[in-house]
Structure formats: C-alpha cells, structure tokens
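Asker: If you scroll down you'll find the structure; I have some questions about it.
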Amino acid sequence: MFDWRAYLRHIDYLLLAATAGLVIYGVSVIYFATRHDVLGAPLSFVRQQLVALVLGVITAAVVTVIDYEMYRRLQWIFYGIAVVLVAAVLPLGVGVNGATRWFDLGVTRFQPSSAALLLLPLAIGAYLADRMDMLGSKRVTAVALLLAAVPAALVYKEPDFGSAMVIVVLVLAMLYFYGTSWTHFAVIAGTAVSAFAMALAVLPRVGVHLISSFQVERLLVFTNAGHSPQGSGYNIIQSTIAVGSGMLTGRGNMATQTSLDFLPEHHTDFIFAVVSERYGFVGAVLLLALYALFIWRCLRIATLSRDMYGSILAGGIGVMVLFQVFVNIGMTIGIMPVTGIPLPFVSYGGTALISFLILVGLLEAIHLRASLTASDRGRIVR
C-alpha cells in the first residue's frame, strides 16, 4: 500500500520550488509577450500553456511514485519510439517557416524532438548503467554515441540544429557521469572539430553542403550582427536592444520592443529578451537564480542516487538544462549563434513543458528512493 507520509517526507522541495518559480515566470512572461498577438484573445497562448502545465504536473506526479528502475527494462522500446517519432515527422509533419518539426493534432501541435529528449535519457542511460562492468570500453562509448547520432541526424534534417545539439550534449553528459575516460572525450572533441571544418570549408568546394545556407548565414551574423541588419541579423539586433533597454529594474508596461512587435519570436526563442526588457537586470538575475537552484538539485540528486542509473539520469538532465539555458540566453545577448533552442520551463511550447515536468517527476523519483529509510522501503510503489 502506498504511504503518502513517507512520500511527502522525502520529496525534494527545493527542486519543486525552483520548478514552480520557473513555470510561474514562464506563464507570466508569455502573457505579457503575447497579449496583443491575437486580436480579442489576450489569453490565447497562456491558456494553451496552462493546459500543458496541468497535464505535465499530473504526469510528473505519477512518474514520481513509480520506481524508475522499471524503465531499464523498457529501454529499447523508449529508444524505438523516440527514433520513430523524429523520423515520422519528416514526411508527415507540418511545415512552419521552412522547418518540419511538428505534428498537427488539430487542437494543438506535437513536437517529436521534445518527446525524444525525454525518452533518450531513459534509453541511453539504461544502456550505460547495464554496462558498468565495461567501464572504459571504447565500444560502449561508440555505441552510446551512435544511439544518439541516429535521432540527432533525423532532428537535424527537420532542420532543427539546436535540438540536435542538445541530444549530443545530453549523451556526452551521461557518458561523463557514467565515468568515461577523458581520453575518449579528447578523441570525440578532435573528431567533432575536424568534421565541422570539413562540413564548413572543404565539402562545399566539391558540391556537398551538409550545412545549409541559412545556417551559414547565422554563423556570419554571430561573428558580426551588422552583417545583415534587415535580414538574418535583425533578430539578434532587436533582442540586444530589448535586453539593454531594460537596464536595472526594467520598463514594465513600457517594454515597447515586445509590445510593438519589434522583437520576433518573443514568446519562444527570444523570451529572455522579454524578461530583461520588462523586469530588467534584477528580473534576469532572479530567473538565473532559479535555474541555478534547479541545476544544483539535479547534480545533488545525481550524487545521492542509490544506483548508477539514477546518477546518469539526474546528471544528464542537469547538464542538458544548463546547456539549453546557456545557449538560449547566449543567443539572446549575442554571445552564441541563433539556434532556436527554447528556454526550459519558460518558453512557450506545450510538448517541451510537459517533457520537462516529467523529467522533474523522474528526478523526484530518484531522490525519493535514495532518501527512503529502511522502515519506509516497501511502502512506496516499486
């Protein structure tokens, strides 16, 4: 029988507080960013985000009470579902702004890459945890990278370079928490640099273009935002103007970069610019503090986990969130190329929000079972 008192005693309330703060921040900023976007319906985007929030919270609560060890037995099913989803969206998905990243479900859209970022840690983490006796094996490292490369390549084809990068960083983080030798990472880094140089400088000369023209344009804009001020550089110029105009305490309802639609994608990719313009440096620091608390709890759960599977999962989730926060905020202020990576828990997007909340439920499940006393064991659902 499930013991709710034992359950409530061992929940990581700091993780919940950080998550709640980020979600509240996100919903409020989405409202201020989109209240003028749909004529006569100021709550249009917020309503959809709240529906996703409710679904995510309910699912996360269920995930928390289930022993995460059961996912190890389903690892190949999870992996297969992730690959099928990101493969199926290419011929069956709906195209928006030149990218095919969503399934149109009528009342809403479903983004397979966000679901894949939920399923892949469960699958690849289980693969690594089941091979602790092979720690240091080049074969294990190669297979883990190959398992990530397949969905990453499919996501890249959408094209969604940002999500593809997140998948790669996720598997590298899990390899780190697994205990992979630094020499493996050195070889991976050298191979990655060589491959990037080939794709950018060598292959185009023989007619092979692995990097599309708009992605090359984004790299040029990254090195010089004034390269195309009315074209590909427009987004980053307007974003930096919005961030700078917020100054210390923000402009509040006078945040004209957002309200007058100078700032593009203000509810998704560039939502941090909305935060900075409306709430200023103080508001931005508060948001970063919430992320710092969330990532700290992830890493702490990784150290407390009762087994290697939990450590790999918690560590991978923490690094994945850290990477997305760094890249999203970095592209907003011009220190990273624009890649379309959303801000976790804050950017508009139902699939992403539900996936992140389920990951929080998974983190709580790991923490719960690491913290149970001997008398509590057996009274929580296994």
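Just so you know, all these numbers are worked out from the coordinates, no wet-lab data involved. Bear in mind the structure is a predicted one, so any value in this text is a computation, not a measurement. Cβ placement follows ideal geometry from the backbone for every residue including glycine, while neighbour counts extend to all protein chains displayed.
Asker: Return the Rg/Rh value of the chain, two decimal places, where both radii are evaluated on C-alpha atoms and Rh is the Kirkwood radius.
Answerer: Result for the chain is an Rg/Rh of 0.97.
Asker: Using Cα-only point scatterers and the Debye equation, what is log10 of I(q)/I(0) for the stretch 1-129 at each q in 0.12, 0.13, 0.16 Å⁻¹, rounded to two decimals?
Answerer: Each listed q maps to, in turn, -0.69, -0.80, -1.10.
Asker: Pick out the long, greasy-scoring helices in the chain: whole DSSP H runs spanning 18 Å or more along their own axis by Cα, mean Kyte-Doolittle at least 0.5. Could you put the intermediate results ahead of the total?
Answerer: Numbers: long enough: 13-34 (31 Å, 1.81); 44-65 (33 Å, 1.79); 75-92 (26 Å, 2.09); 112-129 (25 Å, 1.66); 138-156 (26 Å, 1.62); 161-178 (26 Å, 2.33); 182-197 (23 Å, 1.30); 271-304 (39 Å, 1.59); 308-333 (37 Å, 1.68); 350-371 (31 Å, 1.56).
Helices meeting the span and hydropathy rule in the chain are 13-34, 44-65, 75-92, 112-129, 138-156, 161-178, 182-197, 271-304, 308-333, 350-371.
Asker: If we count other beta carbons within 10 Å of each Cβ, what is the order of Y79, Y31, fewest first?
Answerer: Values: Y79 21, Y31 16.
Going from least to most buried by this count: Y31, Y79.
Asker: What are the residues whose amide H is under 5 Å from the amide H of W102, where those residues sit 5 or more places off or on another chain and H is modelled from the backbone?
Answerer: The list, which skips near neighbours in sequence, is V94.
Asker: What ranking of M70, M336 emerges when the number of other C-beta atoms within 10 Å of each C-beta is taken as an exposure proxy, fewest first? Spell out each step's value before the answer.
Answerer: Details: M70 9, M336 16.
Final ranking by Cβ density, sparse to dense: M70, M336.
Asker: Taking the Cβ of each residue in W296, W102 as the centre, tally the other Cβ atoms inside 10 Å and list the residues starting with the fewest. Numbers along the way, then the final one.
Answerer: Values: W296 14, W102 21.
Least crowded to most crowded, the residues run W296, W102.
Asker: Compute the relative contact order of the chain as a whole-number percentage, counting only Cα pairs closer than 8 Å that sit 6 or more residues apart in sequence. Could you put the intermediate results ahead of the total?
Answerer: Working: 571 pairs, mean separation 112.3, N = 382.
Relative contact order for the chain comes out at 29 percent.
Asker: Let me ask something additional. How big is the dipole moment of the stretch 41-125 about its Cα centre under a simple scheme where the beta carbon of each Lys and Arg is +1, that of each Asp and Glu is -1, and everything else is neutral? Debye, nearest 20, please.
Answerer: Working: 5 positive and 3 negative charges, 24 e Å.
So the dipole magnitude of the stretch 41-125 works out to roughly 120 debye.
Asker: Related question: In the calculated pair distance distribution of the stretch 72-136, what percentage of Cα-Cα distances lie above 13 Å? Provide the component values of the computation, followed by the final result.
Answerer: Working: 1364 of 2080 pairs.
Looking at the stretch 72-136, the distances longer than 13 Å represent 66 percent of pairs.
Asker: What is the sum of charges around D261, taking Lys and Arg as +1, Asp and Glu as -1, for the other residues whose C-beta is under 14 Å from the C-beta of D261? List each step's numbers first, then the result.
Answerer: On the way: positive: R35; negative: D37, E265, E277.
Its environment carries a net charge of -2.
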